[in-house]
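Contents: one structure, followed by commentary.
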Amino acid sequence: MFARPATRMRCATGLLAIGTLLMLAGCGEDPKPSVLEQVKAEGELRVVTRNSPATYFQDRNGATGFEYELAKRFATDLGLELKIETADNLDSLFSSLARSDGPVMAAAGLVDTPQRLRQARFSIPYLEVTPQIIYRQGESRPTKPEDLIGKRILVLAGSSHAEQLEALKLEQPQLAFEASDAVEVVDLLRMVDEGQIDLTLVDSNELAMNQVYFPNVRVAFDLGDTNSMRWAVAAGEDDSLLQEINAFLERAEANGTLQRLKERYYGHVDVLGYVGAYTFAQHLQQRLPRYEKMFRQAGQANQVDWRLLAAMGYQESLWQPNATSKTGVRGLMMLTQRTAQSVGVSNRLDPKQSIDGGARYFVQIHQQLPEGIQEPDRTWFALAAYNVGGGHLEDARKLTEAEGLDPNKWADVQKILPRLAQKQWYSKTRYGYARGGEPVHFVRNIRRYYDILTWVTQPQLEGTQVAESGAHLPGIDKRKPEEEQTPPL
């Protein structure tokens, strides 16, 4: 009679114990934090990107690049420190994103292709680009996909362009191309420019940024539709970070941040270079007299030939005190905000302050160069460092030495500097990618201006200003070229 109630009691007690254990277990285990919560707890946003002019690289201003600038704003928006990692190629970029201990986001000018959608998840778009077939001016221009057959074509391995050409091969079986992970977009454009390959396929934004450095490259035709660039996060169900990314990009579009960055990096061609002998002659007469006294005073105070400072000022700003570059460098001597502060310049748009600051900064660079570099090479090295930064210059000197050349001779180093824009070389350096051809042109142009200024300020001419005095200016043809259009200044 008593067996059944006892059994019920034992069953009830057992169920109660199991329930209690389940409750205790549930209370003892915290739910796994989301990706966004983990990132905020660590205090840093780890982003993987490419070392290229359209994404991320180091110049004399420090870290820069469209993707870097946008990612930095996102990190600031989250109250986090941005940590940048670079991938050697696109395949390794996606591999690093998939690692449990890897970066949490990729910002590298990516398009969400069918293959990539199996590797990662993508944000809403932030930049529209068009894939473009690039050929060399003077060669036969292809106008349709069929014209690509029989051409030497090279693209980035793992890129959306490689996928695009693979798809095109289904329609054009005779089409052949190569894909390499040892190059970047700048390498591809250079190879077309020099005739090493016939064609390549790049996005319109990267061409716009680099075309000024490759005078022979031209657009043959657009291949396919416009694509959308997006950021990427690792595949999985956790979309906490992706939601935050999308919200940020929507705000960046609404408040004009995206438009400002697009204009800064892709909106115009940099005209602060050598603009022709005719224009220089005009500016020599019309602009330099306003600032000649300032250059002379700065030169005397810093023991630098004032004419060298004037030549630097012309190369940097065409002697325009309100000049501003696309990267935010400002003033007659084009100082960065950080450089201006370091040399005591409070207003970069004040021509006297800018000239004085530029002179002090140049002297600092000149003094910091290795002792083995003697004049006149020391001055040319200092000019190159003023333009591209001391770190990149040192990288070039090491590459020069590795080639069996003299790292203390400008004639040798200027041959190697352009290699800093080629992946096979800059991947071996400490500071990575740089537009190595720029300091070479920078120094060459300044030396040309300096030679002219030296002649027109010889003792027999010192009684007159550099402005129009009836004196013949050697090397300057003051007749306006028939086909040359003076660029807007």
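The values are calculated or read from the model by the stated rules, or taken from the named source; none is laboratory data. Keep in mind it's a predicted model, so treat the numbers as computed, not measured. Heads up, the Cβs are rebuilt from the backbone with ideal geometry, glycines too, and the neighbour counts pull from every protein chain shown. We work out accessible area using only protein heavy atoms, side chains counted, and drop any ligands, DNA or RNA first. Shrake-Rupley method; radii C 1.70, N 1.55, O 1.52, S 1.80 Å.
Report the Rg/Rh value for the stretch 224-356, based on alpha-carbon coordinates and the Kirkwood definition of Rh. Looking at the stretch 224-356, the ratio lands at 1.19. For the stretch 137-228, applying the loop criterion from DSSP together with a ceiling of 13 other beta carbons within 10 Å to the chymotrypsin sites (Phe, Trp or Tyr not before Pro) yields no site. Applied to the stretch 158-170, the Karplus parametrisation 6.51 cos²θ - 1.76 cosθ + 1.60 on θ = phi - 60° returns per-residue 3J(HN,Hα) values of x, 8, 5, 5, 5, 4, 5, 6, 4, 5, 5, 5, 5 Hz, with x for Gly and Pro. Seen from residue 345, the other residues with C-beta closer than 12 Å to its C-beta sum to a net charge of +3, counting Lys and Arg as +1 and Asp and Glu as -1.
Measuring nothing but protein heavy atoms, the accessible surface of the stretch 109-163 at 1.4 Å probe radius is 46 percent carbon and sulfur. Residue by residue, the stretch 172-189 carries 3J(HN,Hα) couplings of 10, x, 7, 5, 10, 8, 10, 10, 10, 9, 9, 10, 10, 4, 4, 5, 4, 5 Hz when phi is fed to the Karplus relation 6.51 cos²θ - 1.76 cosθ + 1.60 (θ = phi - 60°); x denotes Gly or Pro.
Kindly report the accessible area of the stretch 336-385 per residue (heavy atoms of protein chains, probe 1.4 Å, no ligands, DNA or RNA), in Å².
Numbers: 2330 Å² over 50 residues.
The answer is 47 Å² per residue.
Over the stretch 290-382, Cα pairs under 8 Å with separation of 6+ residues give a relative contact order of 22 percent.
Computed 3J(HN,Hα) for the stretch 298-305, one whole-Hz value per residue from the Karplus formula 6.51 cos²θ - 1.76 cosθ + 1.60 where θ = phi - 60°, is 5, x, 5, 5, 10, 6, 10, 4, glycine and proline marked x. Both the radius of gyration and Dmax for the stretch 101-155 are 16.6, 50 Å, in that order, over alpha-carbon atoms.
Determine the per residue accessible area of the stretch 60-160 with all protein chains present and a 1.4 angstrom probe, expressed in square angstrom.
Numbers: 4350 Å² over 101 residues.
Counting only protein heavy atoms, the per-residue value for the stretch 60-160 is 43 Å².
With a 1.4 Å probe and every protein chain left in place, work out the accessible area per residue of the stretch 167-208 in Å², rounded to a whole number. About 41 Å² of surface per residue is accessible.
If I take every Cα pair under 8 Å that is 6 or more residues apart in the stretch 115-190, average their sequence separation and divide by the length, what percent do I get for the relative contact order?
Working: 48 pairs, mean separation 21.9, N = 76.
This gives 29 percent for the stretch 115-190.
Close amide H pairs (under 5 Å, H built 1.01 Å from N) link residue 86 with 49, residues at least 5 positions away or on another chain.
Out of the GluC sites (Glu not before Pro) in the stretch 24-123, which ones are loop residues according to DSSP with at most 12 other C-beta atoms within 10 Å? Please report the intermediate quantities before stating the final value.
Values: sites: 29, 37, 42, 44, 67, 69, 81, 85; in loops: 29.
Filter output for the stretch 24-123: 29.
Sparse packing (at most 14 other Cβ atoms within 10 Å of the Cβ) combined with a DSSP loop state is found for the following GluC sites (Glu not before Pro) in the stretch 162-240: 194, 237.
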